[in-house]
Amino acid sequence: MFTVMSGALVPVVFLMFLGWLGGWKGYFKREDVNVFAALVMRFALPFSLFLGALNTPPEKLQNLPFILCMLFGFVGTYAIALAVSLLAFRHDLKTSAIQALVCTFPDMAYFGAPILLVVCGPSGFLAVLIGNLITSFIILPLTIVLSRWGEMASGTGDTSVSAILKSSLWRTVTNQMVWLPILGVVLSFSGFQVPGAMKHSVELVASTAGGVSLLALGLMFFGERPSVNLDVVTNVGMKNFLQPALMFLGILMFGVDADFARQALIVGAVPTAIAASMFAVRNQTYAMPASDSVVIGTVLAVFTEALLIAVII
């Protein structure tokens with residue numbers, strides 16, 4: 001158990017520390033995060049998901065209980081967070097939608113994937129694949145629509161919700177983070193064999209995803225001075241504790257087998273994705289609480305993931 005736990009978390013902490021150290025020493029600038037992020041999100045992670053789908057037997061890709069469990073965990077967290085933001089914090093609809101995104105969107109690419117690889121092996125990619133599709137096709141479009149509704153209600157929005165939704169879905173479908181894994185699924189079901197040279201070329205790119213993403217995450221945290229308030233505590237509590245609890249409930253409800261149950265729990269317990277705070281910044285709404293939630297949630301997740309791994313292994 002200790003070997004698995006240390007094998008999953010020590011590399012995460014070490015590589016994040018190297019990224020932070022690179023910023024402190026001046027080897028990297030914080031703006032370099034954009035370059036690292038582009039490498040991971042545009043090439044390394046999509047190809048990693050493609051290979052994972054390609055190498056997974058079709059029967060595992062048809063695991064409906066696991067898909068329903070992940071859907072329940074994501075959508076359930078989003079609905080509860082949205083209600084709490086609207087009713088308890090009395091935020092407007094746009095702010096509430098972004099707060100719900102912060103509470104729901106797990107850092108599968110940077111934080112989750114390396115842990116899943118160690119704990120669950122190559123099949124751990126499936127949680128990242130399913131989670132990516134749920135966020136891309138449901139959570140992010142829903143947040144965009146609710147945000148625009150909120151703008152229109154306040155008189156600041158000038159674009160129809162249907163036009164925004166169509167644009168969002170088109171960007172999703174044409175994003176390589178979506179269509180490359182789907183292509184891998186199609187090829188897996190068809191039994192197509194990728195030529196050896198091409199597959200090796202893709203593997204060289206895909207293998208950089210975990211290391212580069214964690215370096216970038218550490219660099220993002222350099223110079224951050226997070227503050228703690230009720231919003232941040234609520235966000236971290238919902239993401240790091242409520243979501244894995246809902247995943248556990250989904251496991252019981254849908255009868256998910258042990259291997260995939262581990263994936264669902266690990267994804268549920270990873271911290272909020274940097275992309276959620278970037279979304280808040282781009283929309284000029286809830287930016288500081290979102291950023292503080294990411295930093296504090298990520299530090300806390302090192303310990304909560306260690307506890308979770310100790311329980312499930």
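The values are calculated or read from the model by the stated rules, or taken from the named source; none is laboratory data. Quick caveat: nothing in here was measured; it's all calculated off a predicted structure. Positions of Cβ are backbone-derived with ideal geometry, glycine not excepted, and every protein chain shown enters the neighbour counts.
Annotations
- Identification of helices (runs of 4 or more DSSP H) wholly contained in region 6-91 with 3 or more residues that are modelled with pLDDT of 95 or more and not basic (K, R) yields 64-87.
For every residue, the table says whether it meets (1) without any contact (Cβ under 8 Å) to a residue 60 or more places away in the chain; (2) crowded, with 24+ Cβ neighbours inside 10 Å; (3) touching a Leu at 6+ places or on another chain (Cβ under 7 Å).
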{"position": "P65", "(1), (2), (3)": "no, no, no"}
{"position": "G73", "(1), (2), (3)": "no, yes, yes"}
{"position": "D92", "(1), (2), (3)": "no, no, no"}
{"position": "T104", "(1), (2), (3)": "no, yes, no"}
{"position": "A109", "(1), (2), (3)": "no, yes, yes"}
{"position": "L117", "(1), (2), (3)": "no, no, no"}
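- Meets criteria (in contact with a Leu (Cβ under 6 Å, 6 or more places away or on another chain) and either closer than 28 Å to M238 by Cα or surrounded by fewer than 23 Cβ atoms within 10 Å (Cβ to Cβ) (or both)) for G26: no
- Members of region 275-313 found to be crowded, with 23+ Cβ neighbours inside 10 Å, more than 16 Å from the chain's Cα centre (by Cα) and farther than 21 Å from E224 by Cα, listed by number: I309
- Yes/no for I266 being among the hydrophobic types (A, V, I, L, M, F, W, C) and within 23 Å of V12 (Cα to Cα): yes
- Within region 284-312, residues that are under 19 Å from G268 (Cβ atoms) reach partners that are modelled with pLDDT under 90 and not in a helix (DSSP H, G or I) with beta carbons closer than 7 Å, at six or more positions or on different chains, in the pairs I296/P226; A310/M1.
- The single condition among (1) at pLDDT below 80; (2) surrounded by 15 or more Cβ atoms within 10 Å (Cβ to Cβ) that I144 does not satisfy is (1).
- When the residues of region 156-170 are filtered to those that are closer than 25 Å to V102 by Cβ and outside any helix (DSSP H, G or I), the one that is modelled with the lowest pLDDT is G157.
- Candidates L86, L51, filtered to the one that is more than 16 Å from F221 (Cβ to Cβ), aliphatic (A, V, I, L, M), over 19 Å from the mean Cα position of the chain (by Cα) and surrounded by 13 or more Cβ atoms within 10 Å (Cβ to Cβ): L86
- Residues of region 171-182 that are surrounded by fewer than 16 Cβ atoms within 10 Å (Cβ to Cβ) and either in a helix (DSSP H, G or I) or at positive phi (or both): R171, V173, W179, I182.
- Residue in region 265-273 that is surrounded by fewer than 24 Cβ atoms within 10 Å (Cβ to Cβ) and either without any contact (Cβ under 8 Å) to a residue 40 or more places away in the chain or not acidic (D, E) (or both) present: no
- Filter result for the condition that a residue is basic (K, R) and closer than 13 Å to I115 by Cβ, over R282, R262: R262
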